[in-house]
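What follows is a set of notes on a single structure, which appears directly below.
We did not get these values from a lab; they are worked out from the coordinates using the rules stated. Values in this document were obtained by computation on a predicted structure and should not be read as measured data. Positions of Cβ are generated from backbone atoms using ideal geometry, with glycine treated the same way; all protein chains shown enter the neighbour counts.
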Amino acid sequence: MTTIQYDLGGGATIALPADIAVKQLIEQLQRDARQATTQPRPQIGEYLSGQGGIYVGDIRGNDGVTYGLITPKDEDIGRAKWGAEGELDLSDWDGLSNTNILRADCPAAKLASDYEADGHVDFYLPAHREMLIAMANVPHLFGKDSWYWSSTPYGSYNAWAVDFEIGDVLTDGRYNEFRVLPFRRFTH
């Protein structure tokens, strides 16, 4: 009889017949697969109860991870200037990382990161590419009378902004006061 020996730690081991160990492993993998398929992906535009807002869609980060994006139900949480001038090397996709860097010097990033919903305090000013996902998938969730800031700078004096009324994306002076709508993210 062939056995498989497991190290339980602390010097303890257990030996199981190989056929039993393999059978149990296969059964566990099948259970895991069933659980994974019984939890459907949320629908774009769906309010996710307990998650702080509406599902915007997915973005694949430069880190190789696919993130689900959530934004509050409101059209915005206020207006703010982007912040001080100066060259910044920030991400075009990772608004969370950008906001953590910008929080002290960027009023728009601070406003976004101070937002709380459903007990979540991990909101941030979305990056340029995250805003493009929102514009493609749920433009109706955003107000039409002003631009929205992203957390992605452009050069020393501008940052990326999005106009959801006409579907325009441009860079504008950081001294301007635009709308702020925070995002949060999760992994699938």
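Can you tell me which residues in segment 167-184 are closer than 12 Å to residue 142 by Cβ and part of a loop (DSSP other than H, G, I, E, B)? Answer for segment 167-184, where residues must be closer than 12 Å to residue 142 by Cβ and part of a loop (DSSP other than H, G, I, E, B): 167, 180, 181. Note on segment 136-159: among residues that are touching a residue at least 60 places away in the same chain (Cβ under 8 Å) and touching a helix residue (DSSP H, G or I) at 6+ places or on another chain (Cβ under 6 Å), the one that is surrounded by the most Cβ atoms within 10 Å (Cβ to Cβ) is 151. Exactly one residue out of 108, 104 is free of Cβ contacts under 8 Å to residues at least 12 places away in the same chain and aliphatic (A, V, I, L, M), and it is 104.
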